[in-house]
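> I have a structure I would like to understand better, so I am pasting it below and will then ask my questions one at a time.
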Amino acid sequence: MIADLRAELARTDLPPVTERKLRNLLTVLEKDSQSRLESLTMVDPGPHAVVSFGDVDRADLIVFLLHGIDTDLAQFPEWADAAQRICADVIRSCVVRGEPRNVAVIAWFAWDSGTHVSALATRHATVGAARLAVDIDRLEPRNAHAHVALATYSYSSTLLGELFAMSLGDDVRTAFSIASAGVTHAAGVALAEAIAAGDLVLYASEGANDSIAPLGRLGQHPVDPRDIPGAIVYECDGGEAPAVGGGTTIGTAVEGHASQTVVDDRGRHIGYYDENAQGYLTLVARLADAAVAVAPR
């Protein structure tokens, strides 16, 4: 598959913006020997790609990491860093517990997440959910053993809702809704039913000073996943959190709505996937819970 990527980069008619996105992808793949380009699709408005970190075929836990709006391969290096850290930290957490497990994290950039305007509707989330369901189904012949988890952020949590509203989430056992743009009423009912049936464990979190996530819930998907019956709400405003190396630590508070930490002339602004963030540390711990619940190979 990486040969296809190199072939695209060798084209003389490749637009500069597209070339930069593909080079971002290639740079990540060349730096990590355990990464694998699962798929590459040349589409408008930009190329889509799916990259795995860890051995998907032997993993006890497979985590799909999904981005929000206005995000594509231009931002892939930051999201790849988050995926790599999640993979390493969950593995380490399992080892510390004396329950080593194989873990793989998939950075899923296979959908057009749209803009702040289109995010008020569900169209991009619905199409994305259908595409994600196909990729999850493709795991079955490769690894029927694995526990499948989704880590969704902002508008991709709307995708999570659509996945269950369309009855396409049967293979998903654990899901995280982080700083959600909301789900539809039908999706909320479907998620609640899956939780009640014992088919899904849903975690939800949002920062107290996140002023962006609530705006997404003003559109066609007004239900806050934290309000879904059975959802497990966890904190991300700073405080005690599980430490990756065992025991507890004090995690930092998330600032605003950013997924990744940003440093500017005003200081360091903690994103939801910052390695020291309270919510991130809780995410790692709960994914480790899911991993150790799977019988080792």
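Please treat every number below as a calculation from the coordinates, not as lab data. Predicted model, so just to flag it, every value in this text is computed and none were measured. We place every Cβ from the backbone using ideal geometry, glycine too, and count neighbours over all the protein chains shown.
> Which pairs do you get when a residue that is acidic (Asp, Glu), found in the range 112-125, comes within reach of a residue that is part of a helix (DSSP H, G or I), reach meaning Cβ atoms under 8 angstrom, with the pair 6+ apart or on two chains?
112/124; 112/127; 112/128
> Looking only at the range 7-50, count every residue that is in a helix (DSSP H, G or I) and surrounded by 11 or more Cβ atoms within 10 Å (Cβ to Cβ) and tell me the total. Before you say what the answer is, go through the steps one by one.
Looking only at the range 7-50, we keep the residues that are in a helix (DSSP H, G or I), and these are 7-9, 16-31.
Still in the running and surrounded by 11 or more Cβ atoms within 10 Å (Cβ to Cβ): 8-9, 17-29, 31.
Residues meeting the conditions: 16.
> Right, something else. Check whether at least one residue in the range 205-222 is within 29 Å of residue 100 (Cα to Cα), touching a residue at least 12 places away in the same chain (Cβ under 8 Å) and surrounded by 22 or more Cβ atoms within 10 Å (Cβ to Cβ), and report yes or no. Before you say what the answer is, go through the steps one by one.
If we filter the range 205-222 for residues that are within 29 Å of residue 100 (Cα to Cα), which is where we start, we get 205.
So of that shortlist, the ones also touching a residue at least 12 places away in the same chain (Cβ under 8 Å) come out as 205.
Okay, now just the ones that are also surrounded by 22 or more Cβ atoms within 10 Å (Cβ to Cβ), so 205.
Yes, some residue in the range 205-222 is within 29 Å of residue 100 (Cα to Cα), touching a residue at least 12 places away in the same chain (Cβ under 8 Å) and surrounded by 22 or more Cβ atoms within 10 Å (Cβ to Cβ).
> Residue 55 passes all but one of (1) surrounded by fewer than 20 Cβ atoms within 10 Å (Cβ to Cβ); (2) out of contact with any helix residue (DSSP H, G or I) (no Cβ under 6 Å at 6 or more places or on another chain); (3) over 20 Å from residue 294 (Cβ atoms); (4) touching a residue at least 24 places away in the same chain (Cβ under 8 Å); which number fails?
The number of the failed condition is (3).
> Looking at this structure, is residue 253 over 19 Å from the mean Cα position of the chain (by Cα), more than 21 Å from residue 165 (Cα to Cα), free of Cβ contacts under 8 Å to residues at least 60 places away in the same chain and crowded, with 19+ Cβ neighbours inside 10 Å?
On the way: over 19 Å from the mean Cα position of the chain (by Cα): yes; more than 21 Å from residue 165 (Cα to Cα): yes; free of Cβ contacts under 8 Å to residues at least 60 places away in the same chain: yes; crowded, with 19+ Cβ neighbours inside 10 Å: no.
Spelling it out, it is not the case that residue 253 is over 19 Å from the mean Cα position of the chain (by Cα), more than 21 Å from residue 165 (Cα to Cα), free of Cβ contacts under 8 Å to residues at least 60 places away in the same chain and crowded, with 19+ Cβ neighbours inside 10 Å.
> How about the range 56-94: which of its residues are under 12 Å from the mean Cα position of the chain (by Cα), outside any helix (DSSP H, G or I) and farther than 28 Å from residue 217 by Cβ?
62
> Working carefully through the options 129, 151, 133, 144, find the one that is crowded, with 21+ Cβ neighbours inside 10 Å, free of Cβ contacts under 8 Å to residues at least 40 places away in the same chain and closer than 21 Å to residue 199 by Cα. Let's see the steps before the verdict.
Details: 151 fails: free of Cβ contacts under 8 Å to residues at least 40 places away in the same chain; 133 fails: crowded, with 21+ Cβ neighbours inside 10 Å; 144 fails: crowded, with 21+ Cβ neighbours inside 10 Å.
Answer to the selection: 129.
> Taking the stated definitions as given, is residue 61 without any contact (Cβ under 8 Å) to a residue 40 or more places away in the chain, in contact with a Ser or Thr (Cβ under 9 Å, 6 or more places away or on another chain), surrounded by 13 or more Cβ atoms within 10 Å (Cβ to Cβ) and within 24 Å of residue 131 (Cβ to Cβ)?
Details: without any contact (Cβ under 8 Å) to a residue 40 or more places away in the chain: no; in contact with a Ser or Thr (Cβ under 9 Å, 6 or more places away or on another chain): yes; surrounded by 13 or more Cβ atoms within 10 Å (Cβ to Cβ): yes; within 24 Å of residue 131 (Cβ to Cβ): yes.
It is false that residue 61 is without any contact (Cβ under 8 Å) to a residue 40 or more places away in the chain, in contact with a Ser or Thr (Cβ under 9 Å, 6 or more places away or on another chain), surrounded by 13 or more Cβ atoms within 10 Å (Cβ to Cβ) and within 24 Å of residue 131 (Cβ to Cβ).
> Still on this model: So in the range 95-106, with the set limited to residues that are in a loop (DSSP other than H, G, I, E, B) and crowded, with 19+ Cβ neighbours inside 10 Å, which one is nearest to the chain's Cα centre (by Cα)? Steps first, please.
As a first pass, look at the range 95-106 and keep what is in a loop (DSSP other than H, G, I, E, B): 97-102.
Narrowing further to those that are crowded, with 19+ Cβ neighbours inside 10 Å: 101-102.
On the way: 101: 20, 102: 18 Å.
The residue in question is 102.
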